[in-house]
Amino acid sequence: MDSHIFKEQFSNSPQLLSFIEANFGGPEREESRRRLLELADSSEFTLRQWVESMRTVRAWLDTRDLVMSIEDELGYVCCAGEAAGPGANLTYLPGLVSDMLEAYGCERAEPRGAVEGESFS
């Protein structure tokens, strides 16, 4: 999948473009890019809101020293968007994600060391 879609949509936001390149760039992440675009296209929210929501999830995980797969992160954002119900296009997806994280956390998140095989001393 050509990355021109992302460069076109996020050329005015170096931070979001950098996030996309770091997390969805390269041939090894083709499936994740395709999934992000597919989910955004089938939802009530814009691609920009999806990417901002992914950054919200990542920031929440990072501040708690937690990790989860990009697929699980996409699933979390999808779940938050679906929870908004009809008329969701009037709601800001990153706000929904943030509220959901604060209220419920994320059960699929794991301690960073446990995922990377590090031991805790």
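The values are calculated or read from the model by the stated rules, or taken from the named source; none is laboratory data. Just so we're clear, the structure is a prediction, and the values are computed from it rather than from any experiment. Cβ sites come from the backbone with ideal geometry, for glycine too, and all protein chains shown count toward neighbours.
Can you pull out the residues in the range 22-45 that are free of Cβ contacts under 8 Å to residues at least 24 places away in the same chain, under 22 Å from Tyr92 (Cα atoms) and surrounded by 12 or more Cβ atoms within 10 Å (Cβ to Cβ)?
Scanning the range 22-45 gives a single hit, Ala40.
Residues in the range 1-15: is at least one closer than 24 Å to Arg112 by Cα, in a helix (DSSP H, G or I) and in contact with a helix residue (DSSP H, G or I) (Cβ under 7 Å, 6 or more places away or on another chain)?
no
Quick check: anything in the range 28-37 under 16 Å from the mean Cα position of the chain (by Cα), closer than 22 Å to Glu102 by Cβ and modelled with pLDDT under 95?
no
If I filter the range 63-84 for residues that are within 23 Å of Ala109 (Cβ to Cβ), touching a Pro at 6+ places or on another chain (Cβ under 7 Å) and in contact (Cβ under 8 Å) with a residue 24 or more places away in the chain, do I get at least one hit?
Yes, because at least one residue in the range 63-84 is within 23 Å of Ala109 (Cβ to Cβ), touching a Pro at 6+ places or on another chain (Cβ under 7 Å) and in contact (Cβ under 8 Å) with a residue 24 or more places away in the chain.
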